[in-house]
Amino acid sequence: MRRSKENNPGSIAAPNVQDRFLERCTIIRKKLQLVGMTAMLLACKYEEVSVPIVEDFVLISDKAYTRKDVLDMEKLMVNALQFNMSVLTPYVFMRRFLKAAQYEKKLEFLSFFLIELCMVEYETLKFQPSLLAAAAIYTAQCSLWRLRTWTKTSEWHANYTEDQLQECSKLMVTYHQKAGSGKLKGVHRKYSSYKFGYAAKTEPALFLLDPRHNC
């Protein structure tokens, strides 16, 4: 699939589009992959400049679906959602918070790696997108620098204290720790590449899970 950006806001928005559609419509199991593909297509159309073509998704599905299947599902989904594609995602906040952190590329890659790991985890649904973004950057900094790092500047821009990030950050550490061994390895494989700075190979900040580091 041809993509122009290293980090794609469409991939972060797609789960929200998919979940909102499934709240409204009952879909048989064999069409769930089609729903996921179409949600990605819609999110990319709304969020990005360079959009993958329908044929890309047909190939990804190993031709389990046709072009007509995708377009029919697209029509069904936009009508069910009443053409409301506006989604507040962590991506919106990541850029601002990363600038506040005076980031390097390796921090950006690792932060987005952690965010994408969260996209398939039910436990993270309770967190606001802004908190997910702040926690990802905080956790990435801890992983890279091997110490707890959350500056006053970052706190001011994110409007979250270090203590407020702890619950979400600890979950991210556990996701990072098991990313290479679970059933869903796509994100780990993506961020284990040169293009993404081998971010997935960074050692997780396990010290954040130690109660002795909470004080």
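Each value in this text was obtained by applying a stated rule to the coordinates, not by laboratory testing. Values in this document were obtained by computation on a predicted structure and should not be read as measured data. When we count neighbours, we look across all protein chains shown, and the Cβ atoms used for this are built from the backbone with ideal geometry, even at glycine.
Between Leu209 and Ser50, what is the FRET efficiency for a Förster distance of 41 Å, r being their Cβ-Cβ separation, to the nearest 0.05? Using R0 = 41 Å, I get an efficiency of 0.55. Residue pairs exceeding 29 angstrom between C-alpha atoms, taken from Lys105/Lys170; Lys63/Lys183; Lys152/Lys183; Lys105/Lys152: Lys152/Lys183.
Find me the longest stretch of the chain that has none of the exposed GluC sites (Glu not before Pro), where exposed means in a DSSP loop (not H, G, I, E or B) with at most 15 other Cβ atoms within 10 Å. Don't skip to the answer; put the middle values down first.
Values: sites that count: Glu6, Glu104, Glu121.
The reported range is 7-103.
Mean-square fluctuations from a GNM of the chain, with a 10 angstrom spring cutoff on Cα atoms, peak among His188, His176, His157 at His157. From the alpha carbon centroid of the stretch 54-77 to that of the stretch 179-203 is 27 Å. Derived scalar couplings between HN and Hα for the stretch 82-89 equal 6, 6, 8, 9, 5, 9, 8, 10 Hz in order, rounded to whole Hz, by the Karplus curve 6.51 cos²θ - 1.76 cosθ + 1.60 (θ = phi - 60°), x for Gly and Pro. The loop-placed trypsin sites (Lys or Arg not before Pro) in the stretch 36-75, going by DSSP, that have at most 16 neighbouring Cβ atoms within 10 Å of their Cβ come out as Lys63.
Set the Förster distance to 30 Å, then compute FRET efficiency between Lys31 and Glu167 from the Cβ-Cβ distance, nearest 0.05. Efficiency, rounded to the nearest 0.05: 0.25.
Taking a Cβ cut-off of under 11 Å around Met37, the surrounding Lys, Arg, Asp and Glu residues balance to a net charge of -2, with basic ones at +1 and acidic ones at -1. Using a simple spin-label model with pseudo-atoms 7 Å out from Cα toward Cβ, Asp72 and Asp19 lie 2.9 nm apart. Computed log10 I(q)/I(0) for the chain at 0.10, 0.11, 0.17, 0.19 Å⁻¹: -0.46, -0.56, -1.19, -1.39, from the Debye equation with unit scatterers placed on every C-alpha and solvent omitted. Annotation: lysines with alpha-carbon distance below 27 angstrom to Lys68 (same-chain offsets under eight excluded): Lys30, Lys31, Lys45.
Here the Karplus curve 6.51 cos²θ - 1.76 cosθ + 1.60, taken at θ = phi - 60°, turns the phi angles of the stretch 14-29 into couplings of 4, x, 5, 4, 4, 5, 5, 5, 5, 5, 9, 10, 8, 10, 5, 4 Hz, with x standing for Gly and Pro. Computed from Cα positions, the angle between helix 162-178 and the longest principal axis of the chain comes to roughly 60 degrees.
With Cβ to Cβ distances under 15 Å as the rule, what net charge do the other residues near Val17 carry (K, R +1; D, E -1)? Its environment carries a net charge of -1.
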